[in-house]
1. Can you compute log10 of I(q)/I(0) for segment 12-87 with the Debye formula, treating each Cα as one identical point scatterer, at q = 0.17, 0.19, 0.20 Å⁻¹?
2. Among residues other than P74 whose Cβ falls under 11 Å from its Cβ, what is the net charge (Lys/Arg +1, Asp/Glu -1)?
3. Hey, what did segment 12-87 get for relative contact order, percent, Cα under 8 Å, at least 6 apart?
Amino acid sequence: MMPAEREAAIRSAVDQLVSVLLAAVTPEPADAPDRLLSIPAAADLMSIGRTRLYAELDAGRLRVVRAGRRVLIPASAIGEWIAAQSSGATGTAPVGRRSRPGAAS
């Protein structure tokens, strides 16, 4: 178990990170068109791999725009995904260490 002050410091750091990421992907003026990102650019911005990004798309947790054969992700959709992840509303399993079969716990 983590000491309460360390847990509070970690939560504060995560909240600050979420704020910075949301600010980075939120369009500034309300009437400005949404920036569209390619799959590799969106995965990089979200700090996840392409496989996880495609899993989020398949699960319907992330909006896409199709331009011909291209799949593009609106920056605002990434902001919405980050907000949902930080609120725990998506039902996805937390990322953590996986135990190896036969390893001692």
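1. Results for segment 12-87 at q = 0.17, 0.19, 0.20 Å⁻¹ read -0.64, -0.79, -0.87.
2. Taking every other residue near P74 into account, the sum is 0.
3. 39
Any read-out appearing in this document is the output of simple, stated calculations on the displayed coordinates, not a laboratory observation. If you're wondering where the values come from, they're calculated on a predicted model, not measured in any experiment. Counting neighbours? That spans all protein chains shown, and the Cβs are built from the backbone with ideal geometry, glycine included.
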